[in-house]
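Undergrad: One structure, pasted below without further comment.
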Amino acid sequence: MAVVDECKLKFMELKAKRSFRFIVFKIDEKNLQIMVDRVGQPDESYDDFTACLPPDECRYAVFDFDFVTDENCQKSKIFFIAWSPDTSRVRSKMLYASSKDRFKRELDGIQVELQATDPSEMSLDIIKGRAL
């Protein structure tokens with residue numbers, strides 16, 4: 001599975017410059033390559049992010065999550081989310097599952113991984129719990 005260079009470049013901008021809050025990636029099944037589907041601006045929220053994930057199609061995503069620790073320190077962690085809703089096509093689920101690890105290796109700096117098949121599996125409370 002090929003990875004379009006834009007995927008790595010946008011991820012580097014998110015990680016180093018914090019130019020984006022999130023990036024959603026999709027697999028172009030015709031050309032068998034992973035490409036950028038959507039980027040979220042720094043002022044967009046976690047709700048904006050979850051709203052842009054299609055309810056019946058798989059996606060990969062990275063989200064730059066800001067939080068405050070119990071010691072009152074401002075921190076940030078980059079989440080990799082594999083979105084694979086139950087209602088998506090079986091072929092699509094297989095493609096995303098089989099290419100996930102290789103794609104994740106291309107994105108150096110992922111701190112937390114999350115697999116979700118419906119929105120309740122990636123609620124803000126779950127994200128906060130995994131970040132701490």
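The values are calculated or read from the model by the stated rules, or taken from the named source; none is laboratory data. The shown structure was predicted, so the numbers you read here are calculated from the model rather than taken from an experiment. Here Cβ is always computed from backbone atoms with ideal geometry, including for glycine, and neighbour counts include all displayed protein chains. With ligands, DNA and RNA removed, areas are computed over all heavy atoms of the protein, side chains included. Shrake-Rupley method; radii C 1.70, N 1.55, O 1.52, S 1.80 Å.
Undergrad: Looking at segment 102-129, which of its residues are closer than 23 Å to Pro55 by Cα and assigned to a helix (DSSP H, G or I)?
TA: Hits for segment 102-129 are Phe103, Lys104, Pro119, Ser120, Glu121, Met122, Leu124, Asp125, Ile126, Ile127, Lys128.
Undergrad: Also: As an exercise: evaluate Thr117 against (1) out of contact with any Ser or Thr (no Cβ under 9 Å at 6 or more places or on another chain); (2) among the β-branched types (Val, Ile, Thr); (3) farther than 18 Å from Val36 by Cβ and give the number of the one condition it does not meet.
TA: Thr117 satisfies all of (1) out of contact with any Ser or Thr (no Cβ under 9 Å at 6 or more places or on another chain); (2) among the β-branched types (Val, Ile, Thr); (3) farther than 18 Å from Val36 by Cβ except (1).
Undergrad: Filtering segment 92-103 down to residues that are among the charged types (D, E, K, R) and touching a residue at least 40 places away in the same chain (Cβ under 8 Å), which residue is surrounded by the most Cβ atoms within 10 Å (Cβ to Cβ)?
TA: It comes out as Lys100.
Undergrad: With the requirement that a residue be within 15 Å of the chain's Cα centre (by Cα) and either charged (D, E, K, R) or part of a helix (DSSP H, G or I) (or both), what does segment 19-48 give you?
TA: Arg21, Lys26, Asp37, Arg38, Glu44, Tyr46, Asp47, Asp48
Undergrad: Quick one: what pairs do we get from segment 69-81, first residue under 18 Å from Tyr46 (Cα atoms), second modelled with pLDDT under 90 and assigned to a loop (DSSP other than H, G, I, E, B), C-beta under 6 Å, 6+ apart or different chains?
TA: Lys75/Thr69
Undergrad: Right, something else. Within segment 9-32, track down each residue that is within 14 Å of Tyr96 (Cα to Cα) and among the acidic types (Asp, Glu).
TA: Asp28, Glu29
Undergrad: Hey, another quick one. Counting only residues that are out of contact with any Pro (no Cβ under 7 Å at 6 or more places or on another chain) and open to solvent by less than 50 Å² (accessible area, probe 1.4 Å), how many does segment 105-128 have?
TA: Residues in segment 105-128 being out of contact with any Pro (no Cβ under 7 Å at 6 or more places or on another chain) and open to solvent by less than 50 Å² (accessible area, probe 1.4 Å): 9 in total.
Undergrad: What are the residues in segment 22-46 that are open to solvent by 30 Å² or more (accessible area, probe 1.4 Å), of a type outside the set (A, V, I, L, M, F, W, C) and either within 16 Å of Leu95 (Cα to Cα) or touching a helix residue (DSSP H, G or I) at 6+ places or on another chain (Cβ under 6 Å) (or both), if any?
TA: Selection gives Lys26, Asp28, Glu29, Lys30, Asn31, Gln33.
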